[in-house]
Amino acid sequence: MVNLKKLLNEKISIVSYIKLDLEKKWVLEDSDDEAVSALQDSLKVSEKLCNLLVKRNIFTFDDAQDFFRPSLDKLHDPMLMKDMDKALERLEVGMRNNEKILVYGDYDVDGTTAVSLVYGFFKGFYYNLEHYIPDRYEEGYGVSYQSIDYSEKNGITLIIALDCGIKAVDKVQYAKDKGIDFIICDHHRPGDTLPNAVAVLDPKREDCSYPYDELTGCGIGFKLVQAFAAHNDIPFEKVKALLDLLVVSIAADIVPITGENRIMAYYGMQQLNSEPRPGLRSLIELSGAKRPLKISEIVFFLAPRINAAGRMDSGQAAVDLLIAQENVSAFLKADTLDVHNKERREIDRSITEEALGLIRENEVLRNKKSIVLYDENWHKGVIGIVASRMIENFYKPSIILTASDEEFAAGSARSVKGFDIYNAIAVCEPLLEQFGGHKYAAGLTIRRENIPAFIEQFEQIVQDTIEEGMLTPEVLVDTALEVEHMTMNFYKIIEQFEPFGPSNTKPIFVTYGLNDTGYSSIVGQGGKHLKISASKNGHVINGIAFNQADKFDLIKSQPFDVCYSLDLNDWRGNTTVQMTIKDIKATQY
């Protein structure tokens, strides 16, 4: 159910100063009529519903059963993952010999949930255990030399690295030379050489035949725990209790919610809504997120607050919250993160305004196919967010850089649909100290004197490789829908598609030829949003169009088309289906 007040306070207030002037391309995805017909014969439901299912790769009755009724029994055997046997053996030897073990992870949501999950589980069976989150500003991303030196000094002989480590070849060897072993649990792309670790758990390894390679870093940690539990006759219920943490990582890391991720997210959401751990419960209450929570509430309400710990202070604070056992202590820790998040939002707003101004005032920058901006004074903790804002506003591959120290700069990269920014950055590797990430998001470290050359080379790579169509934002539309189909029953069926996310996005519909009823209005602080009352063929539907108040004259003067998702609106106890509108265009006859 849409909570307009909270959306306005959280999501819209952050980006309301951004005005995306680019025309959006609506792409109505083709329908596989033969597959839809076959599924309809099997399921005996509407053609429109079967069309939506086929577009989510659901072709048979069994596929539909797995989709609508996910089962934990369908989780893959963790022993299918390359090196899992080696990881278990080393871990169990370490415990038998009472070795000191360090659970290490990145400072973002995926890393901190992973550390909380693995540390919290093993702490129930083994006491000689520590956890460690690197400082974003002193140590940077991934495995750090400082953490290895800390481990040597404190007698740690085994490090479990979560959500990082796959490219830490030199650092893992540095640890090896000091008698410290690594078990790496990562989900990022490996480089040409794997680290010399006891075990490297990463389904993206070319020699790993694990059936699903879209797990988060926290998900890899979960598989390690699952394997350990099975190998040591620990009831699966103790593993299942970790799913509230895992679903937070799945939502925040924007991984496909298919296969194992869908199963784990499905049950994780159940736990998050019924029996969340004290830290998450406190965070939910402080954020004001409306229950029952959905993936979108994690993304907009919980994840920013967890991330704020590492952005504004230390990611360690997030782990302390997530492993807290006592409600009062958890609430105090959650309150600290909430304060950090408010500080982060103000810094985000200020830097975004500066970055937008640099581009809008410079014709050369505006005409480039990419955006790479550097300011030594920008806050390192928000540059990833600012890069995302550049995508929202200009829809070009974007990298935001800021100084790490007098010698180096750190950068966060975000991309547009279809363009692999990781590969583009990889071409520039001779100019970089290190880099890593995914197709659509990456991070890098560079010497400050190399930044001008990097900007020039990266722009050239983008010019040479990006397709022109990739620079136009798209709205992928599932199917056309008439107003009379927007019923509560239809909405309740769509609701069962939850949890939504990449590869199972909330269905987007298009309706053509609507007319204003005369009751549409501009709403919201500053008059930025559009509340729509529209009709067609005698049927009326309401909708909300955030940041689209400029379309008011259009809908008042002529028939119009809308693309949208369906949500519920609760007004004074009256719950109705409404459109959450993505875009509006004049009807073309």
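The values are calculated or read from the model by the stated rules, or taken from the named source; none is laboratory data. Computed from a prediction, not measured in an experiment: that's the story for all the values here. Here Cβ is always computed from backbone atoms with ideal geometry, including for glycine, and neighbour counts include all displayed protein chains. Ligands, DNA and RNA are stripped out before the accessible areas are found, and what is left, the full protein with its side chains, is counted by its heavy atoms. Shrake-Rupley method; radii C 1.70, N 1.55, O 1.52, S 1.80 Å.
Numerical summary
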| read-out | value |
| --- | --- |
| Leading residue by the ranking (most open to solvent (accessible area, probe 1.4 Å)) among those in region 499-520 that are more than 16 Å from Val483 (Cα to Cα) and in contact (Cβ under 8 Å) with a residue 60 or more places away in the chain | Ser503 |
| Subset of region 478-515 (residues that are aliphatic (A, V, I, L, M) and not in a loop (DSSP other than H, G, I, E, B)) | Ala480, Val483, Met488, Ile493, Ile494, Val510, Leu514 |
| Residues within region 53-82 that are in a helix (DSSP H, G or I), touching a residue at least 60 places away in the same chain (Cβ under 8 Å), among the charged types (D, E, K, R) and closer than 15 Å to Pro499 by Cα, tallied | 0 |
| Qualifying positions in region 386-419 - small (Gly, Ala, Ser), touching a residue at least 40 places away in the same chain (Cβ under 8 Å) and open to solvent by less than 40 Å² (accessible area, probe 1.4 Å) | Ala403, Ala409, Ala410, Gly418 |
| Filter pass, Asp464 being under 19 Å from the mean Cα position of the chain (by Cα), modelled with pLDDT of 95 or more, more than 23 Å from Glu376 (Cα to Cα) and open to solvent by 20 Å² or more (accessible area, probe 1.4 Å) | no |
| Matching residues in region 274-291 - criterion: being touching a residue at least 60 places away in the same chain (Cβ under 8 Å) and either open to solvent by 40 Å² or more (accessible area, probe 1.4 Å) or under 22 Å from Thr505 (Cβ atoms) (or both) | Ala289, Lys290 |
| Count of residues meeting criterion [surrounded by 19 or more Cβ atoms within 10 Å (Cβ to Cβ) and either touching a residue at least 60 places away in the same chain (Cβ under 8 Å) or not charged (D, E, K, R) (or both)] in region 337-348 | 4 |
| Region 70-91: number of residues that are open to solvent by less than 30 Å² (accessible area, probe 1.4 Å), among the acidic types (Asp, Glu) and touching a helix residue (DSSP H, G or I) at 6+ places or on another chain (Cβ under 9 Å) | 0 |
